[in-house]
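Below is one structure, written out as structure tokens; comments come after it.
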Amino acid sequence: MIDPFGRSITYLRVSVTDRCDLRCVYCMAEDMTFLPKAQILSLEELDRVCGAFIGLGVRKIRITGGEPLVRRDVMRLFESLGSRLGTGLEELTVTTNASQLARHAAALRAAGVRRVNVSLDTLSPQRFAAITRWGRLDKTLDGIFAAKAAGLAIKINTVALKGVNEDEFDALLAWCGEHGFDLCLIETMPMGDIDGDRTAQYLPLSVVRSRLRQRWTLEPSGFRTGGPARYYDVAETGRRVGFITPMTHNFCESCNRVRLTCTGTLYMCLGQDDAADLRPVLRAGADDAALQDAIRAAIRRKPKGHDFIIDRRQARPAVARHMSVTGG
Ligand code: SAM
Ligand code: SF4
């Protein structure tokens, strides 16, 4: 699939639920309304849409959410997608808050998952509780170390939050180095109503990178995961640190991905509202050819890029939906 700007679409992110057992302050309001079950695609429907994408050239699928591991029986989806590895699909991954990862790590590995991204913004139990509102750091750490023990490669995703965790990046980089994890820092994106003023949380990663350079030797790395992160080798730890900078540097020119929500809505861009609804196509009994036609038609509408802006006078989000709808 080639989009109107010549970009080859080989990566599908699938949000399998909008629900979550945490309420991270930058992601959700505390009092969220979730979707009724009837609107949610079954695991079989999700598998079928993924199969259609693989038939159209998608090589990598990431399962995300909400929190993907809180969806009941989600391992069935990992198993069915895992069985497609080597026959078109090259990589199956997951992004998780790790609260349930200790239970699932071995099964994920058995299903064919080799890498997991875990969101972790702090190593302080009190801060963790404040950022996630409902979370416990020890559960997340148990999940991370269970994944490591199961042989999964781990990348830690940390959202850079001004005045909240900005004094911890050195410690996080050292901790990741000690345990053999890569670290990826992310700028907050203005998505969905949250309970606070988002512009107050925004911290440009250009500032963070120069601060890290005072202590660490960062060499630009050629390493790419096919994602928007720019990586550096950290000489002192032998691991990598990545920066995802949607606000200060536009990463859209090399975008290779689209995002499917748990209701079957296909978003062609994380930072735009245009979407294609695949659920009516699926539920009208479309055959695989008709489903693939609907996907191709959507890819022809993929926009050039996002319009995120941080406007200090305007606290409104740039896109109305929360990050948990599309899973980042
Ligand atoms: N629940 C899983 C987790 O937290 O890893 C998967 C879904 S979560 C929406 C995916 C990623 O998006 C997480 O790393 C989270 O930190 C990030 N995220 C959520 N809201 C964000 C925002 N407004 N700006 C930047 N990143 C955000
Ligand atoms: Fe849940 Fe992930 Fe959003 Fe946190 S970032 S509230 S863990 S979906």
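Checking Leu46, Leu69 one by one, the residue that is in a helix (DSSP H, G or I) and closer than 29 Å to Tyr202 by Cα is Leu69 and no other. Residues in the stretch 101-123 that are open to solvent by 30 Å² or more (accessible area, probe 1.4 Å) and over 16 Å from Ser324 (Cβ atoms): Ala102, Arg103, Ala106, Ala107, Arg109, Ala110, Arg114, Arg115, Leu123. Return a yes/no flag: does the stretch 22-35 have any residue that is in a helix (DSSP H, G or I), more than 12 Å from ligand 1 (Cβ to nearest atom) and among the hydrophobic types (A, V, I, L, M, F, W, C). For the stretch 22-35, residues in a helix (DSSP H, G or I), more than 12 Å from ligand 1 (Cβ to nearest atom) and among the hydrophobic types (A, V, I, L, M, F, W, C): absent.
Of the residues screened, Met268 is one that is under 30 Å from Asp21 (Cβ atoms), away from ligand 1 (no atom under 16 Å from the Cβ) and open to solvent by less than 60 Å² (accessible area, probe 1.4 Å). Every listed requirement among (1) within 16 Å of ligand 1 (Cβ to nearest atom); (2) in a loop (DSSP other than H, G, I, E, B); (3) more than 16 Å from the chain's Cα centre (by Cα) is met by His104 save one, (2). Name every residue in the stretch 203-225 that is aliphatic (A, V, I, L, M) and either buried (at least 18 other Cβ atoms within 10 Å of the Cβ) or modelled with pLDDT of 95 or more (or both), in order of residue number. Once the filter is applied, which keeps residues that are aliphatic (A, V, I, L, M) and either buried (at least 18 other Cβ atoms within 10 Å of the Cβ) or modelled with pLDDT of 95 or more (or both), the stretch 203-225 yields Leu203, Leu205, Val208, Leu212, Leu218.
State whether one or more residues within the stretch 194-206 are part of a loop (DSSP other than H, G, I, E, B) and of a type in the set (Ser, Thr, Tyr). So that I can check it myself, show each step before the final result.
To start, the set of residues in the stretch 194-206 that are part of a loop (DSSP other than H, G, I, E, B) comprises 194-197, 201, 203-204.
Then keep just the ones that are of a type in the set (Ser, Thr, Tyr); that gives none.
Checked against the condition, which is being part of a loop (DSSP other than H, G, I, E, B) and of a type in the set (Ser, Thr, Tyr), the stretch 194-206 yields no hits at all.
The set of residues from the stretch 135-153 being outside any helix (DSSP H, G or I) and either hydroxyl-bearing (Ser, Thr, Tyr) or within 12 Å of ligand 1 (Cβ to nearest atom) (or both) comprises just one member, Gly135. I need the full set of residues from the stretch 1-23 which are surrounded by 19 or more Cβ atoms within 10 Å (Cβ to Cβ), at pLDDT 95 or above and either more than 16 Å from ligand 2 (Cβ to nearest atom) or not hydroxyl-bearing (Ser, Thr, Tyr) (or both), in order please. Correct list: Ile9, Tyr11, Leu12, Arg13, Val14, Val16, Asp18, Cys20, Leu22, Arg23. Yes or no: the stretch 25-41 includes at least one residue that is open to solvent by 10 Å² or more (accessible area, probe 1.4 Å) and within 29 Å of Ile2 (Cβ to Cβ). Scanning the stretch 25-41 turns up no residue that is open to solvent by 10 Å² or more (accessible area, probe 1.4 Å) and within 29 Å of Ile2 (Cβ to Cβ).
Inspect the stretch 77-87 for any residue being in a strand (DSSP E or B), under 28 Å from Thr10 (Cβ atoms) and within 16 Å of ligand 1 (Cβ to nearest atom) and give the result as yes or no. So far as the stretch 77-87 goes, no, none of its residues is in a strand (DSSP E or B), under 28 Å from Thr10 (Cβ atoms) and within 16 Å of ligand 1 (Cβ to nearest atom). The single residue among Val70, Val74 that is open to solvent by less than 10 Å² (accessible area, probe 1.4 Å) and under 26 Å from Arg114 (Cβ atoms) turns out to be Val74.
Restricting Leu85, Leu81 to residues that are open to solvent by less than 30 Å² (accessible area, probe 1.4 Å) and not charged (D, E, K, R) narrows the list to Leu81.
Listed here are the helices (runs of 4 or more DSSP H) enclosed by the stretch 226-328 that have at least 3 residues being modelled with pLDDT of 95 or more and farther than 30 Å from Leu173 by Cβ: 279-283, 288-299.
The values are calculated or read from the model by the stated rules, or taken from the named source; none is laboratory data. Computed from a prediction, not measured in an experiment: that's the story for all the values here. Methodologically, a virtual Cβ is constructed for each residue, glycine included, from the backbone with ideal geometry; neighbour enumeration extends over all protein chains shown. Heads up: the accessible areas ignore ligands, DNA and RNA and are worked out on the full protein's heavy atoms, side chains in. Shrake-Rupley method; radii C 1.70, N 1.55, O 1.52, S 1.80 Å.
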